[in-house]
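First up is the structure itself, then whatever we jot down about it.
We did not get these values from a lab; they are worked out from the coordinates using the rules stated. Values in this document were obtained by computation on a predicted structure and should not be read as measured data. All Cβ positions, glycine included, derive from the backbone under ideal geometry; neighbour counts span all protein chains shown.
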Amino acid sequence: MYYADNTIIFHDGKFVKAKDATTDLYSQTLHYGYGAFEGIRSYRTINGVKIFKAHEHFARLQRSCELVGIPFNYSTEELTQLSYQVLEKNNLRDAYIRPLVYCAPNMTLSAPTGVSVMIAAWEWGKYHGHQSLKVCVSSFQRPNPKSVKMEAKVCGHYVNSIMATNEAKQRGFDEALMLDMNGFVAEGPGANFFFEKDGVLYTPPLGNILPGITRQTVFEICREMDLPVVEKFFRPEELFEADSAFFCGTAAEVVAIESIEGQLFSKPWKQSMGAVVQEAYKCIVLDKSYSYVIV
Ligand code: PMP
């Protein structure tokens, strides 16, 4: 369950009980997927409760709205403050924060006539990155960037992610890896992808993927720790020669991939570059120094 009887959310300028909050069934977002959202985490750090990269997430929310033409006037500072208030009112520390921008009743395909904002949060235990995933190559491609704004986190895009996830689970895998419209590896349904080969990390360039904030954090970690990382297009076949691989995203954090289409990676995760990045990421979100992480 995402909320209990006394859970408070922010909804259109007010803090209200989640169970009392309502919306209109004629919302343009509900019918056409025309809305934008974010997925954010807060952590109980050594310096108190911290929302990780709040500014970056809310800036992406603003940009997502701008890219698809949803008028949205909140500043990133306001949204950050409101999110901290939601956490406080619900006594949450390690939590997932979900802001959603959705549109007023409008059954036409024309510009929105009004916009609503809600911010909800629920408890989300600290660091899940212990499992390792069995991944399949999805039959679903990521959407063509000429038909949608791939860098926007828009509600409707997630039909693609849900279909890929369902297919993966039906085939007995934990997670899907999707290709772009040219057959190059793109990303997971809700996470970006990296692989390791001969001491270098590789990941697809921007264009056909969501510009993940965790992906950006991985670049920062690599820069800080002198780990070589290269953006390039690559085909799934190349992964069968790779040493290791991982997904990264706000929800998944940095998570090991055990196999792709049943083929195991040669390097044990604990010896991989991904494991180093995973350890450093864990420190960063908790506001701890990661200088002790041995490369
Ligand atoms: N790709 C997709 C399709 C996603 O939904 C997400 C999650 N927002 C990511 C990548 C990772 O993005 P982030 O690191 O900003 O959570």
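What full-extension length gain, to one decimal in nm, is calculated for V137 and Q81 as 0.36 nm per residue of separation minus the Cα-Cα distance?
Answer, rounded to one decimal: 16.1 nm.
Hey, got a sec? Which chymotrypsin sites (Phe, Trp or Tyr not before Pro) in the range 220-272 land in a DSSP loop and have at most 12 other Cβ atoms within 10 Å?
Here the sparse-neighbourhood loop sites are F240.
List the trypsin sites (Lys or Arg not before Pro) within the range 167-268 that DSSP assigns to loop and that have no more than 14 neighbouring Cβ atoms inside 10 Å.
Counting only loop positions with at most 14 other Cβ atoms within 10 Å, the trypsin sites (Lys or Arg not before Pro) in the range 167-268 are R171, K232.
Quick one: what are the phi-derived ³J(HN,Hα) couplings along the range 101-118, Karplus 6.51/-1.76/1.60 with θ = phi - 60°, whole Hz, x for glycine and proline?
10, 10, 9, 5, x, 5, 8, 9, 9, 8, 3, x, 9, x, 10, 10, 10, 10
Could you go through the range 131-143 in sequence order and give the Karplus-derived ³J(HN,Hα) for each residue, using 6.51 cos²θ - 1.76 cosθ + 1.60 with θ = phi - 60°, rounded to whole Hz, and x for Gly and Pro?
For the range 131-143, the Karplus-derived couplings read 6, 9, 9, 8, 10, 10, 8, 6, 7, 8, 7, 5, x Hz, x marking Gly and Pro.
For the cross-link pairs K153/K288; K19/K89; K89/K153; K14/K288, which exceed 25 Å when the distance is taken from alpha carbon to alpha carbon?
Correct reply: K153/K288; K89/K153; K14/K288.
Taking the C-alpha atoms of the range 8-122, how large are the radius of gyration and the largest Cα-Cα span, Dmax, in Å?
Spelled out, the Cα radius of gyration and Dmax of the range 8-122 are 14.4, 50 Å.
Using modelled amide H (1.01 Å from N, peptide plane; none on Pro or chain starts), what sits under 5 Å from the amide H of M178, excluding residues fewer than 5 places away?
S138, A186, E187, G188
Output wanted: per-residue J couplings in Hz (rounded whole) for the range 73-81, from phi through Karplus 6.51 cos²θ - 1.76 cosθ + 1.60, θ = phi - 60°, x for Gly and Pro.
10, 7, 7, 5, 5, 4, 5, 5, 4
Counting other Cβ atoms within 10 Å of each Cβ, which trypsin sites (Lys or Arg not before Pro) in the range 101-157 have at most 14 and sit in a DSSP loop?
Here the sparse-neighbourhood loop sites are K126, K146.
Distance cut-off 28 Å, Cα to Cα: go down the list K50/K134; K50/K197; K134/K197 and report the pairs above it.
The answer is K50/K134; K50/K197.
Could you pull out every one of the aspartates and glutamates with an alpha carbon less than 19 Å from that of K149, ignoring same-chain neighbours closer than 8 positions?
Result set, ordered by chain and number: E38, E56, E66, D180, E187.
Could you pull the Rg and Dmax for the range 133-285, using just the Cα atoms, both in Å?
When restricted to Cα atoms, the range 133-285 yields Rg and Dmax of 14.4, 41 Å.
Convert 37 °C to kelvin, take the viscosity as 0.692 mPa s, use the Kirkwood radius over C-alpha pairs of the chain as Rh, and evaluate the Stokes-Einstein diffusion coefficient in µm²/s, rounded to a whole number.
It comes out at roughly 164 µm²/s.
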